[in-house]
Amino acid sequence: MNASNTQIQMRKGLLEFCILHIIARGEVYASDMIEELTEAKMIVVEGTLYPLLQRLKNASLVSYRWVESESGPPRKYYSITEEGRHFLETLNETWESLVQATQKITSKQ
């Protein structure tokens, strides 16, 4: 068994949760999300991020608006919807529960 495959799957499972947290802090451009995720070692590429953002939009969890740019084409800025905030609250509760359960199991000698 390959540990790196498991690590990749663990990161993928948390990616949506992390992206919603980033967007919940305020309107954000996709490349800024990629930069923050990369800095946090949640390495992601545009080919992974954009389909995920589209799924979140289709689920009415995020929305976007186009903003004209003086240095190039218009930019798409993402923000969380009210439905997305409620969804993120549910994910936060699940995360806290999983962290507690994992710590309980992994801390036993």
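Tabulated results
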item: Residue match in the stretch 18-34 (condition: among the β-branched types (Val, Ile, Thr) and loosely packed, with under 11 Cβ neighbours inside 10 Å); result: no
item: Qualifying residue in the stretch 15-26 (condition: under 16 Å from the mean Cα position of the chain (by Cα) and acidic (Asp, Glu)); result: yes
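Quick note: the coordinates plus some simple rules give every number you see, no bench work behind them. All of these numbers come straight from a predicted model, not from anything done at the bench. With ideal geometry, Cβ positions are generated from the backbone for all residues, glycine too; neighbour counts draw on all protein chains shown.
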